[in-house]
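Since the structure comes first, as structure tokens, the remarks are kept for the end.
The values are calculated or read from the model by the stated rules, or taken from the named source; none is laboratory data. None of the values given here were measured: they were computed from a predicted structure. So basically every Cβ, Gly included, is an ideal-geometry build from the backbone, and we count neighbours across all protein chains shown.
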Amino acid sequence: MFLSVFDMFKIGIGPSSSHTMGPMVAAARFLDALRASPFSPVGVKASLHGSLAFTGVGHATDRAVILGLAGFRPDTYDAELAEAALARAHENGVVEPEGFEPLSLDPSRDVVFDYGPPLPGHANGLKLMAIDGQGDVIFAETYYSVGGGFVLTADELAAGKDTDDGPPVPYPFKSGAEMLRMAAREGKTIADLKRSNEHSRLTRTELESGISGLWDTMSACIDRGIETRGTLPGGLGVKRRAADIHAALEAERGLNLTAPHTINDWIGVYAMAVNEENAAGGQIVTAPTNGAAGVLPATLKYWLDHVPGASRDGIEDFLLTAAAIGGLIKHNASISGAECGCQAEVGSASAMAAAGLCAVMGGTPEQVENAAEIALEHHLGMTCDPVKGLVQVPCIERNGLGAIKAVSAASLALRGDGTHFVPLDAAIETMRQTGDDMSSKYKETSLGGLAVNVPNC
């Protein structure tokens, strides 16, 4: 099993990797398949199912599908061009993807929110259709957005398709136990194993420049978030708080007036900055999802800016270690809130961040695995109940607390020798089972939990 660091961390747009990025990717894939077909469509349609229907408006899923069918992709997204294309669709009822004559698409009629039972493969399903001049469907495909921006067709999902279609890697591991055995046998760190696997597909320069680009995007997102004020879109009237909190923290520097636990405010504000940017539709990096995108950057920035001896030289080890843990969770359980609740999003992110931090602070592979387990174990059972379907409440603060837990988990693991009672594999399997047993209304539908127990909803 191999999942590249660049699969785990993708540069994209907010507010949701599964509900915004995934549907846009699905629409782009649909256009590619349509271009390769013998058909000459005059229009396109879409229907959204399961969680994509129930929280699609809050997550801008309809907008993402329209833009995807207009030819936009998350990794090359241009906000100004996108707004113009969206306006044309609403005004003229057409989209104009490259390689086609203008295709009819009336957003009010041709993008349907189906609130019936979800499609059989996954909670996040959508059907895309091409029509002829008579209005008949001449080409169709069903896609599932399975979390973190990953998209599979119905056939790929049914076949158990893995994201890895390349040649074998030198250190394939499918479990934490297997990972630790390889590290011990080879005398390597987890980052070393992951780096060797990446180098079997990429040059050293490609890996280094790609990882540097990921961190630069994460860091820029934090910077925008701690500088931007205002109210987040969506109708809840949530104020952006990161800028004011950050300004207050900066004003207190060097005054010896703050308690030691104020460091938690620094960690929290970095995460909140990212997730406020995400909620506003800004550019983020899935880590492993948009809804949990602030946990890992906040933890990494905490290490770089607040821990003596930290330097950019350790960023690669941090992200490679985190990606190895994220890959195990995705392969053996889920990173999708619609599938397993927020334990699969913020819980996974916290485990990844804890592992990365433990690694760059000198932890052994056993301590790194312990750090990941501690962080994941203490998110088990966490529901995904976004108010009004928006990635705002409780998501923004939850990322801050997830980052704080990651730092605490890494610290606890470093205080031990790596031996511990609950292995990471057991925590991952428990998370999967808990997600299976969790009521669907607590899995990104806004039908339970905070979403129905606050006045705004």
Could you pull out the residue among Ala191, Ala279 that is outside the structural domain of Ala60 (by TED's automatic domain parsing) and either closer than 30 Å to His19 by Cβ or surrounded by fewer than 16 Cβ atoms within 10 Å (Cβ to Cβ) (or both)? Ala279
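Of everything in the range 409-447, what is polar (S, T, N, Q), without any contact (Cβ under 8 Å) to a residue 24 or more places away in the chain and farther than 29 Å from Gly56 by Cα? Give them in sequence order. Steps first, please.
First, pick out the residues of the range 409-447 that are polar (S, T, N, Q): 411, 419, 430, 433-434, 439-440, 445-446.
Subset that is without any contact (Cβ under 8 Å) to a residue 24 or more places away in the chain: 411, 433, 439.
Selection gives Ser411 alone.
Name every residue in the range 168-187 that is without any contact (Cβ under 8 Å) to a residue 40 or more places away in the chain and surrounded by 14 or more Cβ atoms within 10 Å (Cβ to Cβ), in order of residue number. If you could, list the steps in order and put the result at the bottom.
The initial filter retains those residues of the range 168-187 that are without any contact (Cβ under 8 Å) to a residue 40 or more places away in the chain, namely 168, 170-171, 178, 181-182, 185-187.
Of everything in the range 168-187, those that are without any contact (Cβ under 8 Å) to a residue 40 or more places away in the chain and surrounded by 14 or more Cβ atoms within 10 Å (Cβ to Cβ) turn out to be Tyr171, Glu178, Met182.
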Please state which one of Asp114, Asp132, Asp192, Asp216 is of a type in the set (D, E, K, R) and in contact with a His (Cβ under 6 Å, 6 or more places away or on another chain). Asp114
Here's a check for you: in the range 278-321, which residue that is of a type in the set (Ser, Thr, Tyr) and closer than 21 Å to Ile190 by Cβ is farthest from the chain's Cα centre (by Cα)? Ser311
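Among Ile335, Ile329, which is assigned to a loop (DSSP other than H, G, I, E, B) and of a type in the set (A, V, I, L, M)?
Details: Ile329 fails: assigned to a loop (DSSP other than H, G, I, E, B).
Just one listed residue meets the conditions, Ile335.
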Pull out all pairs, ordered by first then second residue, where Cβ-Cβ is under 8 Å, the residues are six or more apart or on different chains, the first lies in the range 238-249 and is free of Cβ contacts under 8 Å to residues at least 12 places away in the same chain, and the second is crowded, with 19+ Cβ neighbours inside 10 Å. Lys239/Leu232
Take the conditions farther than 29 Å from Glu178 by Cα and either surrounded by fewer than 14 Cβ atoms within 10 Å (Cβ to Cβ) or in the same structural domain as Glu316 (by TED's automatic domain parsing) (or both) and apply them to Gly254. Does it pass? yes
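The rows are residues; the columns are (1) among the aliphatic types (A, V, I, L, M); (2) free of Cβ contacts under 8 Å to residues at least 24 places away in the same chain; (3) on the phi > 0 side of the Ramachandran plot.
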| residue | (1), (2), (3) |
| --- | --- |
| Glu252 | no, yes, no |
| Ala280 | yes, no, no |
| Val285 | yes, no, no |
| Asn290 | no, no, no |
| Leu296 | yes, no, no |
| Lys301 | no, no, no |
| Val307 | yes, no, no |
| His331 | no, no, no |
Restrict the check to the range 238-247 and report whether at least one residue is modelled with pLDDT of 95 or more, over 30 Å from Val454 (Cα atoms), out of contact with any Asp or Glu (no Cβ under 6 Å at 6 or more places or on another chain) and part of a helix (DSSP H, G or I). no
Only one residue in His59, His49 is surrounded by 23 or more Cβ atoms within 10 Å (Cβ to Cβ), at pLDDT below 95 and assigned by TED's automatic domain parsing to the domain that holds Val137. Which one? His59
Limited to the range 1-47, what total is found for residues that are under 30 Å from Ile190 (Cβ atoms), assigned to a helix (DSSP H, G or I) and polar (S, T, N, Q)? 2
Hey, does the range 111-134 have a residue that's within 25 Å of Leu31 (Cβ to Cβ), of a type in the set (Asp, Glu), at pLDDT 95 or above and not in a strand (DSSP E or B)? yes
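Matching residues to (1) at pLDDT below 95; (2) of a type in the set (Ser, Thr, Tyr); (3) more than 15 Å from Leu357 (Cα to Cα):
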position	(1), (2), (3)
Met382	no, no, yes
Gly389	yes, no, yes
Cys395	no, no, yes
Gly400	no, no, yes
Ala403	no, no, no
Ala410	no, no, no
Val422	no, no, yes
Ala427	no, no, yes
Thr430	no, yes, yes
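For every residue, the table says whether it meets (1) more than 25 Å from Gln392 (Cα to Cα); (2) charged (D, E, K, R); (3) touching a helix residue (DSSP H, G or I) at 6+ places or on another chain (Cβ under 6 Å); (4) surrounded by fewer than 17 Cβ atoms within 10 Å (Cβ to Cβ).
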{"site": "Ala64", "(1), (2), (3), (4)": "no, no, yes, no"}
{"site": "Ala79", "(1), (2), (3), (4)": "no, no, no, yes"}
{"site": "Phe100", "(1), (2), (3), (4)": "yes, no, no, no"}
{"site": "Tyr115", "(1), (2), (3), (4)": "no, no, yes, yes"}
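Here are Ile267, Ile222: which of them is in contact with a His (Cβ under 9 Å, 6 or more places away or on another chain), surrounded by 18 or more Cβ atoms within 10 Å (Cβ to Cβ) and not assigned by TED's automatic domain parsing to the domain that holds Val57? Give the steps one after another, and end with the answer.
Numbers: Ile222 fails: in contact with a His (Cβ under 9 Å, 6 or more places away or on another chain).
The match here is Ile267.
Suppose we filter Asp313, Asp317, Asp244 for residues that are closer than 30 Å to Asn197 by Cβ and out of contact with any helix residue (DSSP H, G or I) (no Cβ under 8 Å at 6 or more places or on another chain); which single one remains?
Numbers: Asp317 fails: out of contact with any helix residue (DSSP H, G or I) (no Cβ under 8 Å at 6 or more places or on another chain); Asp244 fails: closer than 30 Å to Asn197 by Cβ.
Asp313 is the lone residue from the list that is closer than 30 Å to Asn197 by Cβ and out of contact with any helix residue (DSSP H, G or I) (no Cβ under 8 Å at 6 or more places or on another chain).
Conditions (1) touching a strand residue (DSSP E or B) at 6+ places or on another chain (Cβ under 6 Å); (2) not assigned by TED's automatic domain parsing to the domain that holds Ala292; (3) not aromatic (Phe, Trp, Tyr), marked per residue:
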{"position": "Pro118", "(1), (2), (3)": "yes, yes, yes"}
{"position": "Gly121", "(1), (2), (3)": "yes, yes, yes"}
{"position": "Asn124", "(1), (2), (3)": "yes, yes, yes"}
{"position": "Lys127", "(1), (2), (3)": "yes, yes, yes"}
{"position": "Ala130", "(1), (2), (3)": "yes, yes, yes"}
{"position": "Gly133", "(1), (2), (3)": "no, yes, yes"}
{"position": "Ala140", "(1), (2), (3)": "yes, yes, yes"}
{"position": "Val151", "(1), (2), (3)": "yes, yes, yes"}
{"position": "Tyr171", "(1), (2), (3)": "no, yes, no"}
Give just the number: which of (1) of a type outside the set (A, V, I, L, M, F, W, C); (2) within 27 Å of Phe54 (Cβ to Cβ); (3) in contact with a Lys or Arg (Cβ under 9 Å, 6 or more places away or on another chain) does Gly381 not satisfy? (3)
